[in-house]
Structures are given as C-alpha cells and as structure tokens.
Amino acid sequence: MTFYSNVWSDTGTQEVICSLLFILQNGMEVCWVPLYKNDWKDDPLNKEFEGIQKNPVSSEKLSVNLMKHSDDEYYGLVSLGTPQQTFKVLFATGYSYFWIQSEKCHWYRMACWDHKGYDSSKSSTYRENGKTFCIDDFNGKSSGIISEDIAKFGNVIITNQTFGEADKPPNLGSYDGVFGLAFPSKTNTGKPPLSSVISKGLLKKEMFSLFLDKYKQKNTAGQIIFGDWDEEKFYVNSVNYIPLSDNTAWIFDLDYIHTDDGEQLCYSCQALVDTGTALIIGHKDVVRKIHNKIGASTHGTEASVDCSMIDQLPPITFSINNRSYTLKGQDYVVERQHLYFFKRCMIGIVGSERNLDRPWILGNIFLQQFYTIFDIDNKQIAFANLKFF
C-alpha cells in the first residue's frame with residue numbers, strides 16, 4: 001500500500017460547521033467521495049476547497065473526490081481541526097483504523113521530512129485523549145497518541161472524532177495517513193469514522209460504493225459514495241451479492257482462479273477487498289503457477305512480460321459466488337518507468353510469503369474493472385459490470 005490546507009476564520013468556520021451539521025441531521029442521507037489522480041503540475045485541491053466553501057451542500061448526494069497518485073494508487077482528502085488542516089490519505093477498505101501523521105513527527109524518520117502533519121496546537125476544537133496506539137501492517141509500523149477533533153471528508157463533518165496522531169509513522173510515499181473503511185469494528189485508534197457516520201444516522205442505507213477510473217489521468221479519478229450507489233456507472237442486472245465470511249472485514253469466499261487452460265487454482269480460498277492496496281496479492285505458490293501459465297518472466301514473487309506482448313496475454317479469471325470476473329492482459333499488467341528511458345511491464349499479481357491460510361488481497365488492479373458495493377447492514381459485498389469499458 002502506498003493518499004494543503006485551507007484556512008478559514010474562526011467565526012466563519014463555526015458558522016459553516018453548524019450549518020452543515022444541521023443539514024446533515026435533517027435529511028442529508030448520502031455522501032459521495034470523489035477520487036482523484038495526483039498530478040503535481042495541475043493540482044485540483046485548491047479548486048475543490050474553493051467550491052466547498054462557496055456551496056458546502058450542493059446536491060442531493062454529498063461528495064468527496066479521490067485522486068490518482070499513479071495508475072493504480074488512489075487517495076482522498078480529509079480535514080481535521082478548526083481552522084481546517086487538510087491531508088492526503090489512503091481510503092483503505094482493508095483497515096478500520098484512522099491515523100494522520102503528527103506535527104510532532106520524529107525528525108530522524110524519513111516519513112517526517114516531506115509530509116504534512118496535524119498540529120493540535122493550531123486547532124481550537126482539539127481535545128486531548130491521553131491514550132496511545134501502535135499499528136504494524138503491510139505499510140510498516142506506526143505509533144503515537146490518540147486525539148479528538150472535528151473531522152471532515154467530503155461534506156460530512158463529525159465532531160469529536162478520534163484518530164491516531166502518529167509521531168512515528170511508516171513511509172507511505174505521498175500520503176499523510178490512512179482512513180480505514182473496513183467493516184466497522186473497534187480499533188486501537190478509537191471509533192472508526194465509518195462507525196461514527198452510521199451511529200449518527202447520516203446515511204440513507206448502511207453501505208457505501210466505489211468506482212475507480214483506470215483511464216482518467218487528471219483531477220477526479222474515482223468516487224466513494226456513502227449511503228448509495230451511482231447506477232449511471234454500472235449495469236444493475238449484473239450486481240452479484242457475495243456474503244461475507246468474516247464480520248470484521250470485507251472477506252469472502254473465493255471459489256477458484258484459472259487462466260485460459262481452465263485448471264482451477266487456489267480452490268476454496270478466501271479474498272479480501274482493499275482499496276489501500278494497489279495490486280493483487282496472493283499465495284506465493286499459486287501466483288508462481290499463474291506467472292508460468294501466462295508466460296511471464298519471474299523475479300522472486302514478482303514477474304514481468306515484454307510490453308509488446310500485453311494484448312496477447314491470456315485472461316485470468318476469479319470465480320466468486322459462482323460468477324466469473326475476468327481480467328485481460330491490459331487489466332493486470334502495470335507499466336513502470338525503468339532506468340529513466342525504458343518501460344517495464346510488471347504483472348500486477350504478486351506472491352506473498354505469508355501463510356497459505358491468509359486471504360488473497362484484491363487491490364485496485366482488480367477493483368478498477370468493476371463497480372463495488374460494500375453492504376454493511378446485510379454483511380455482504382457486490383461487484384457489477386461497468387458501463388464505460
């Protein structure tokens with residue numbers, strides 16, 4: 001895994017917050033979270049926040065955008081405090097916790113050098129919590145204190161939201177923290193934002209949906225909608241609801257995987273959907289078989305192909321709940337710059353050294369191909385065919 005601050009006057013901030021809270025509690029039921037692609041030459045953040053100030057609730061459905069940092073990594077914007085301090089975060093369905101890098105970040109950690117940190121001393125709505133947290137995941141280790149403040153994502157505002165203020169963060173590349181959207185559960189950074197939104201009764205339905213635009217190169221490159229979905233983006237009759245096998249995460253049964261020869265690989269495995277992971281991560285031995293079957297050159301748990309051969313690669317199909325979800329070569333190959341002047345075409349399915357009983361992680365390489373619905377109330381997830389591809 002590998003997601004700029006707009007300052008309002010204190011008086012103006014409080015007025016807008018009060019107005020938004022009143023509207024949310026009296027009829028606002030859906031929140032859209034737009035996704036963007038990161039383009040440092042044409043950064044959309046200024047325009048977005050100018051728009052929010054002028055018209056904080058502009059439609060029946062609220063929105064927060066996601067941007068792309070690269071072809072398969074997306075980030076969104078979260079603001080904390082009064083006045084607002086805005087951060088780039090990973091909206092990650094693989095985790096429940098919510099943490100932001102702290103202004104108190106230790107100088108000897110590389111992650112502290114080029115990331116924005118939350119400064120509690122500059123927020124009039126900050127509340128000290130007193131507890132500490134420690135996280136060790138795919139991103140690395142992070143630790144710090146738990147804090148409370150006003151949190152804003154899209155046009156949703158949550159008062160007294162707990163979050164981890166990390167003075168020892170991992171290196172997340174361009175992102176300042178992680179915003180967890182896993183199935184709501186207790187975390188060591190306090191109450192997850194998703195649980196806060198649900199408990200306040202802000203949503204039309206206890207669910208959210210996701211669209212990632214693989215081909216969009218600037219500005220909005222995807223969208224998370226809280227409380228609803230966007231039927232303009234997918235075929236309704238293609239929705240396949242899949243029951244969860246774990247009520248603490250978006251984990252479900254994976255029937256099997258196969259290439260064009262039909263051999264069933266990873267029979268009766270499990271899968272976890274994670275928007276905070278760029279690639280598909282699977283069991284090392286099964287991934288090696290897939291690499292061999294598609295004729296890729298292997299490099300440990302990774303593999304690559306000649307870029308001129310992408311259109312000739314065989315499809316890879318994931319059978320889920322008796323429905324086939326197929327990725328073509330152009331879907332699962334990731335082009336990367338190599339030695340400045342050359343491209344390298346990597347297979348976006350990599351092997352993991354971890355135990356075979358762990359679920360496969362279906363990251364953005366997979367999710368870009370389908371519309372995804374996360375149904376909290378009914379403990380299920382669904383994929384649907386996109387209209388645009």
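The values are calculated or read from the model by the stated rules, or taken from the named source; none is laboratory data. Everything quoted here is computed from the prediction, not taken from an experiment. Cβ atoms come from the backbone with ideal geometry, glycine included; neighbour counts cover every protein chain shown. SASA here: full protein model, heavy atoms, side chains in, ligands and nucleic acids out. Shrake-Rupley method; radii C 1.70, N 1.55, O 1.52, S 1.80 Å.
Structural remarks
- The string of couplings for the stretch 321-336 from the Karplus curve (6.51, -1.76, 1.60, θ = phi - 60°) is 6, 6, 10, 8, 10, 10, 10, 7, x, 5, 7, 9, 9, 10, 8, 10 Hz, one whole number per residue in order, with x for Gly and Pro.
- Listed residue pairs exceeding 24 Å between alpha carbons, taken from LYS205/LYS233; LYS141/LYS205; LYS186/LYS379; LYS116/LYS216; LYS214/LYS379: LYS141/LYS205; LYS116/LYS216; LYS214/LYS379
- The PHE341 and LYS284 beta-carbon pair, evaluated with R₀ = 45 Å, returns a calculated FRET efficiency of approximately 0.90.
- Database remark: amide H of GLU148 closer than 5 angstrom to the amide H of ARG127, ASN129 (H placed geometrically; neighbours at sequence offset of 5 or more, or on other chains; Pro and chain starts carry no H).
- Distance between the C-alpha centres of the stretch 76-120 and the stretch 244-284: 30 Å, rounded to the whole angstrom.
- Surface composition of the stretch 282-330: carbon plus sulfur atoms hold 40% of the accessible area, using a 1.4 angstrom probe and ignoring ligands, DNA and RNA.
- In this structure, ARG358 and GLU263 have a Cβ-Cβ separation that, at R0 = 22 Å, corresponds to a calculated FRET efficiency of about 0.50.
- Solvent exposure ordering (accessible area, 1.4 Å, most first) of ILE310, ILE320: ILE310, ILE320
- Put a plus charge on the Cβ of each Lys and Arg, a minus charge on the Cβ of each Asp and Glu, and nothing anywhere else: the dipole of the stretch 278-382 about its Cα centre is then about 180 debye.
- Nonlocal amide H pairs with GLY94, under 5 Å, H built at 1.01 Å: LEU181, THR275, GLY276
- Computed from backbone phi, the HN-Hα couplings of the stretch 238-247 come to 9, 5, 10, 7, 10, x, 6, 9, 8, 7 Hz, rounded to whole numbers (Karplus: 6.51 cos²θ - 1.76 cosθ + 1.60, θ = phi - 60°; Gly and Pro given as x).
- Database remark: amide H of LYS191 closer than 5 angstrom to the amide H of THR162 (H placed geometrically; neighbours at sequence offset of 5 or more, or on other chains; Pro and chain starts carry no H).
- Looking at the stretch 236-389, the accessible area is 47 square angstrom per residue; that uses a 1.4 Å probe and ignores ligands, DNA and RNA.
- Peptides 245-251, 94-100, 157-163 ordered by packing proxy, namely the average of other Cβ atoms within 10 Å per residue, highest first: 94-100, 157-163, 245-251.
- Rounded to the nearest whole Hz, the Karplus-based 3J(HN,Hα) values (6.51 cos²θ - 1.76 cosθ + 1.60, θ = phi - 60°) of the stretch 134-151 follow the sequence 8, 10, 9, 9, 4, 6, x, 8, 9, 7, x, 10, 8, 10, 10, 6, 6, 10, with x at glycine and proline.
- Surface composition of the stretch 169-264: carbon plus sulfur atoms contribute 47% of the solvent-accessible area (1.4 Å probe, protein chains only, all chains present).
- Convex hull projection area averaged over all views, the stretch 137-263, Cα basis, nm²: 11.4
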